[in-house]
Amino acid sequence: MPENTATQDFSIEHAVCFEKQLRTTNDDLYGGAALNWPGAGDKIPAEANAEFQKGVEYYTDASMNGTQFNGNKRKTAELPTLASLNIKGYTQGIERILLAALGYAKVDGPIPVQSQEGYYEHFFIIPQKGKNQREYTDEETGHIDSRQYSIHDRINLYLCVSQKLGPYAQHARNVVVKDLEMACSAKSPLQITISGPAERIDREDSKTSTEAWSYGAAFDEWFQLSDFKCYISKVGEALSEVSVTAFSAKVSHGLSDDNTPTGTSNNGLSRAEPMPSGKSTITLDLTIYLHNKALYENWEKEEAVLQCKLEASREAYKFAILFPRLQITQTQPNFDGAGSIQLSMEASWPDSEEELRGSFEEYWPSASVMGVTVISKESRNPMRWVKG
């Protein structure tokens, strides 16, 4: 019987890294041949097995062949997708996942926290014009250390997500995060789930590259609901704290995927690079405990413009989600016991710099519909954190 032909859940391992950003060559880009697979410091504990979907499309020869049946089938396109990668909201080690999911961080960040030696503040935002791969602007290059910068550098927010299985390792290349969810409920950890289309899936029968995998953080501490405080108010008013028993922030980026060309002549059956297409959707669901039913229903009726901040602290580590502009789309009261109310809200683009700043203390690298701040011991900027 062949060895290593079976696998078990507890022995499946995962690793994540960015495709090449620094000193980029054509082989590093979409359609390239470079094997930019994870290595040391790239291993990550997943809450469940990441689901790789290996979608395939075929052309069926339906020409008349003298029978009642179709003729040959021939593969015309491969449409691989990372259907889900779920991790806990760890106090450290999630910076690259957040950057890939949201899309942008300051190129000269992170910023040392003056009051906490050894800690650094990261600020991630959703870019105004989507998540396509691009070169750095002149303004951005002015903030980059010239000793590290190359004219060929790219802002490449695509991931290589890898799985070590029993018989082989598989590497989902150029995964573009289209959907992100950050959710937490009572007595549970923060859960971060990402998914999106990939260019191709490389299979590594030898699993040699996985021997170098190691954890880049301890992954022994995570945020849970009891670490969070929630603040919400009308724009222009001071944020007011409310108690929540659950929240879910979802981002769906407006990216073309299956309407992009496949079966291209320059790269066989691989999917072409997804580009911004249509509108992105950002929603927030809150379940507020001991609710003021009339207040929230009035906000919905008045189409009030709101701001909201969800902020977690565990020792000196912090995690915060910022929404400068929200409007309620639905209120759903629960009259059992002490009572709670579920608010469904949708984010939109802030109308002004004043609205963007709102009651938040953070300095935004540029205008955005949503921001995430992380304070951890990670001193490297994931926007430019690439091996080699």
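Tabulated values for the structure
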| quantity | calculated |
| --- | --- |
| Cβ-Cβ under 8 Å pairs, at least 6 apart or on other chains, the stretch 29-45 side closer than 24 Å to GLY89 by Cα and touching a residue at least 60 places away in the same chain (Cβ under 8 Å), far side of a type in the set (Lys, Arg) and outside any loop (DSSP other than H, G, I, E, B) | PRO45/LYS88 |
| Flag if PRO333 is under 16 Å from THR287 (Cβ atoms) and either touching a Gly at 6+ places or on another chain (Cβ under 8 Å) or among the acidic types (Asp, Glu) (or both) | yes |
| ALA246 vs. criteria modelled with pLDDT of 90 or more, over 17 Å from the mean Cα position of the chain (by Cα), of a type in the set (A, V, I, L, M) and under 24 Å from CYS160 (Cβ atoms) | no |
| Residue that is farthest from TRP349 (Cα to Cα), among those in the stretch 105-140 that are among the aromatic types (Phe, Trp, Tyr) and outside any strand (DSSP E or B) | TYR119 |
| Complete set of residues in the stretch 208-241 that are of a type in the set (A, V, I, L, M), modelled with pLDDT of 95 or more and crowded, with 17+ Cβ neighbours inside 10 Å | LEU225, ILE232 |
| Residue selected from the stretch 128-143 under the condition of a type in the set (Lys, Arg) and touching a Pro at 6+ places or on another chain (Cβ under 8 Å), by the criterion surrounded by the fewest Cβ atoms within 10 Å (Cβ to Cβ) | LYS129 |
| Every residue from the stretch 144-164 that is polar (S, T, N, Q), more than 20 Å from SER379 (Cα to Cα) and either surrounded by fewer than 16 Cβ atoms within 10 Å (Cβ to Cβ) or in contact with a Cys (Cβ under 6 Å, 6 or more places away or on another chain) (or both) | SER150 |
| Residue count for the stretch 103-149, restricted to those that are at positive phi and at pLDDT 90 or above | 2 |
| Subset of the stretch 33-77 (residues that are among the aromatic types (Phe, Trp, Tyr), assigned to a strand (DSSP E or B) and at pLDDT 90 or above) | PHE52 |
| Residues (within 14 Å of the chain's Cα centre (by Cα) and either crowded, with 20+ Cβ neighbours inside 10 Å or of a type in the set (A, V, I, L, M) (or both)) located in the stretch 174-189 | ASN174, VAL175, VAL176, VAL177, LYS178, LEU180, MET182, ALA183 |
| Exclusive hit being over 23 Å from ALA40 (Cα atoms), free of Cβ contacts under 8 Å to residues at least 12 places away in the same chain and not in a strand (DSSP E or B), set ASP220, ASP145 | ASP145 |
| Only listed residue being in contact with a Ser or Thr (Cβ under 7 Å, 6 or more places away or on another chain) and either touching a residue at least 40 places away in the same chain (Cβ under 8 Å) or basic (Lys, Arg) (or both), chosen from SER366, SER376 | SER376 |
| Hey, PHE69 touching a strand residue (DSSP E or B) at 6+ places or on another chain (Cβ under 9 Å) and of a type in the set (Phe, Trp, Tyr) or not | no |
| First in the stretch 305-322 and surrounded by 21 or more Cβ atoms within 10 Å (Cβ to Cβ), second anywhere and among the aliphatic types (A, V, I, L, M) and at pLDDT below 95, Cβ under 6 Å, 6 or more apart | GLN307/VAL235 |
| Per-region count, the stretch 193-206, residues buried (at least 24 other Cβ atoms within 10 Å of the Cβ) and part of a strand (DSSP E or B) | 3 |
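The values are calculated or read from the model by the stated rules, or taken from the named source; none is laboratory data. If you're wondering where the values come from, they're calculated on a predicted model, not measured in any experiment. When we count neighbours, we look across all protein chains shown, and the Cβ atoms used for this are built from the backbone with ideal geometry, even at glycine.
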